[in-house]
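Report on the following structure.
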Amino acid sequence: MNAFANKRRDKIAWDNSIAIAYGLLAQEGKRSFKSDDRFELNSRYGYQIGSSAWYASAMLQFRSQFTEGFNATNDTVKISNLLAPGYLLFGLGADYKPNDKFSLYISPATVKMTFVMDQDLADAGAFGVDPAVYELDSLGLPGRRTTPGETSLFPVRCLPQRHLPDPVAKNISFMTRLDLFSNYLKEPSNIDVNWEMLWTFKVNDWFAATLNTMLIYDHDIDIARVEDNTPKFGPTTQFRETLGVGLNFKF
């Protein structure tokens, strides 16, 4: 579900959106697993600068998921949970809005907070938080936990850019959003990317075909994988594509 609530009055522009998605994939003889799990809230409040297309704006964004996620090859290994991770961003900047279909938001001063409210994942140092500290036993193996893992990664001044075009053709709607985020106080060349595209091909008043893609890169997320028969663990690009036909409602 994608929902929008936008307000225009004189020089004020207030744009709000929420995206909710949850999907399960069941295969015979295998445990069902999530194909999608997402909750995202965006709010941007701007004041027009003169008669130009530029607005002085403040932005708030929150992202997380609803339920536990497990490793695709080992469904006993938990890799995410509700608010693990959860991301809260707040920024001040400028928004370029030449029309209702396009918006480019640039913020040189943004706070990005990462929450890992699952202690197992926090102890493992998931999503960039500080891991737990353990005493070593006589064999040199981790024993009693002396310091739990941090459950939050707090304010860092950063530079995000936000690009949201929304062109529409007859019986075909298209929506895309690209978020780029760079921490210019620490490794500014590592740019976090969150890019989503949604095509909707209308068949009739009730049915529609949809093509949805999402590309994510976050340098703080380490992912286990095999490349050239060699196990690797570290940040990498994640990509998902979903093609479906179903009921489509637009209010």
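Figures for the structure shown
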{"item": "Within the stretch 68-94, tally of residues that are among the hydrophobic types (A, V, I, L, M, F, W, C) and part of a strand (DSSP E or B)", "result": "8"}
{"item": "Condition broken by Ala126, with the remaining ones in (1) modelled with pLDDT under 80; (2) hydrophobic (A, V, I, L, M, F, W, C); (3) surrounded by fewer than 17 Cβ atoms within 10 Å (Cβ to Cβ) satisfied", "result": "(3)"}
{"item": "Qualifying residue in the stretch 74-88 (condition: modelled with pLDDT under 85, surrounded by fewer than 19 Cβ atoms within 10 Å (Cβ to Cβ) and of a type in the set (Ser, Thr, Tyr))", "result": "yes"}
{"item": "Residues (surrounded by fewer than 20 Cβ atoms within 10 Å (Cβ to Cβ) and in a helix (DSSP H, G or I)) located in the stretch 106-123", "result": "Gln119, Asp120"}
{"item": "Test set (1) without any contact (Cβ under 8 Å) to a residue 40 or more places away in the chain; (2) within 29 Å of Tyr105 (Cβ to Cβ) - Val226 fails condition number", "result": "(2)"}
{"item": "Number of the condition not met by Ser57 [criteria: (1) modelled with pLDDT under 90; (2) part of a strand (DSSP E or B); (3) of a type outside the set (D, E, K, R)]", "result": "(1)"}
{"item": "Unmet criterion (only one of (1) among the hydroxyl-bearing types (Ser, Thr, Tyr); (2) in contact with a Lys or Arg (Cβ under 9 Å, 6 or more places away or on another chain); (3) surrounded by fewer than 17 Cβ atoms within 10 Å (Cβ to Cβ)) for Ser103", "result": "(3)"}
{"item": "Considering residues of the stretch 183-198 that are surrounded by 16 or more Cβ atoms within 10 Å (Cβ to Cβ) and not aliphatic (A, V, I, L, M) only, the residue nearest to Gln61 (Cα to Cα)", "result": "Asn194"}
{"item": "Residue list for the stretch 199-251, filter: out of contact with any Asp or Glu (no Cβ under 7 Å at 6 or more places or on another chain), of a type in the set (Gly, Ala, Ser) and closer than 26 Å to Lys186 by Cβ", "result": "Ala224"}
{"item": "Every residue from the stretch 221-251 that is acidic (Asp, Glu) and out of contact with any strand residue (DSSP E or B) (no Cβ under 7 Å at 6 or more places or on another chain)", "result": "Glu227, Asp228"}
{"item": "Count of residues meeting criterion [touching a Gly at 6+ places or on another chain (Cβ under 9 Å) and not aliphatic (A, V, I, L, M)] in the stretch 175-224", "result": "7"}
{"item": "In the stretch 204-242, residue surrounded by the most Cβ atoms within 10 Å (Cβ to Cβ) [restricted to those that are part of a loop (DSSP other than H, G, I, E, B) and hydrophobic (A, V, I, L, M, F, W, C)]", "result": "Ile221"}
{"item": "Options Asp15, Asp36: the member that is touching a strand residue (DSSP E or B) at 6+ places or on another chain (Cβ under 6 Å), under 16 Å from Gly69 (Cβ atoms), part of a strand (DSSP E or B) and touching a residue at least 60 places away in the same chain (Cβ under 8 Å)", "result": "Asp36"}
{"item": "Residues being of a type outside the set (Phe, Trp, Tyr), at pLDDT 90 or above and surrounded by 13 or more Cβ atoms within 10 Å (Cβ to Cβ) - total across the stretch 21-51", "result": "11"}
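Residue-by-condition table, conditions (1) of a type outside the set (A, V, I, L, M); (2) more than 25 Å from Leu180 (Cα to Cα); (3) outside any strand (DSSP E or B):
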{"position": "Glu40", "(1), (2), (3)": "yes, no, no"}
{"position": "Ser51", "(1), (2), (3)": "yes, yes, yes"}
{"position": "Phe66", "(1), (2), (3)": "yes, no, yes"}
{"position": "Tyr96", "(1), (2), (3)": "yes, no, no"}
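The values are calculated or read from the model by the stated rules, or taken from the named source; none is laboratory data. Quick caveat: nothing in here was measured; it's all calculated off a predicted structure. Backbone-built Cβ (ideal geometry, glycine too); neighbour counts: all protein chains shown.
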